1. For an R0 of 35 angstrom, estimate the FRET efficiency from the Cβ-Cβ distance between Asn127 and Val50 and round to the nearest 0.05.
2. Under the Karplus relation 6.51 cos²θ - 1.76 cosθ + 1.60, θ = phi - 60°, what is the ordered set of whole-Hz ³J(HN,Hα) values for segment 76-84, x standing for Gly and Pro?
3. Can you tell me how much longer the chain between Asp112 and Asp135 gets when fully stretched, taken as 0.36 nm per residue apart minus their C-alpha distance, in nm with one decimal?
4. Pairs of alpha-carbon atoms within less than 8 angstrom and 6+ residues apart define the contacts here; what relative contact order does segment 35-143 have, in percent?
5. Send over the Kirkwood Rh of segment 70-145, from the inverse of the averaged 1/r over different Cα pairs, rounded to one decimal Å.
Amino acid sequence: MMLKPVFAAALAVTAALGTVVLGPSGPAAAATRAPASGNDGASVGGVRGVPAAGTGEDCPYTAFCVYTGTAWSGTRFDLYSCTTFNLYGWNGAGSWANHESAGTQPRILDADYNVITAVQPTTGPNNQILQGNYDWAPAYHVRPC
């Protein structure tokens, strides 16, 4: 079998180092990798993230916003509808802002949909409830109302 020169050179270097790591690729590899720390690459099902401003005040009125970084940094996801949103890759500290309409109480849920945190409701459009450091590791879902 003929190897392309670049691949042959890479194989020679790997062999010279004495270490070759072989393993599954694709979905099987994802299942065997250690989980990432932090929230790099984290997402919310069905919601597009936007760059966060770093103040928490960027959360639009009537939304519950989740942030991948602490102090309202990283990527911001605005959750509006009264449905359960799935969290993907949230493995560490981030933050949230509640700027929903008066009396609406968001809930952060674990894998079994049990309430981890019942967020204090706001009192109106000029009132926000902010949490600058929140451990998202046990959270799998968010229900904004």
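Values quoted throughout were computed directly from the atomic coordinates according to the rules given, and no laboratory measurement underlies them. These numbers come from a predicted model, not from an experiment. Note: ideal-geometry Cβ built from the backbone for every residue, glycine included; neighbour counts use all protein chains shown.
1. Details: r = 23 Å, r/R0 = 0.65.
Efficiency computed from Cβ-Cβ geometry: 0.95.
2. Karplus values, whole Hz, x for Gly and Pro: 10, 10, 9, 9, 10, 6, 7, 9, 9.
3. On the way: separation 23, 0.36 × 23 = 8.28 nm, distance 1.74 nm.
The Asp112-Asp135 span can extend by a further 6.5 nm.
4. Working: 296 pairs, mean separation 31.0, N = 109.
Here the relative contact order equals 28 percent.
5. Working: mean 1/r = 0.0793 Å⁻¹.
Radius from the Kirkwood sum: 12.6 Å.
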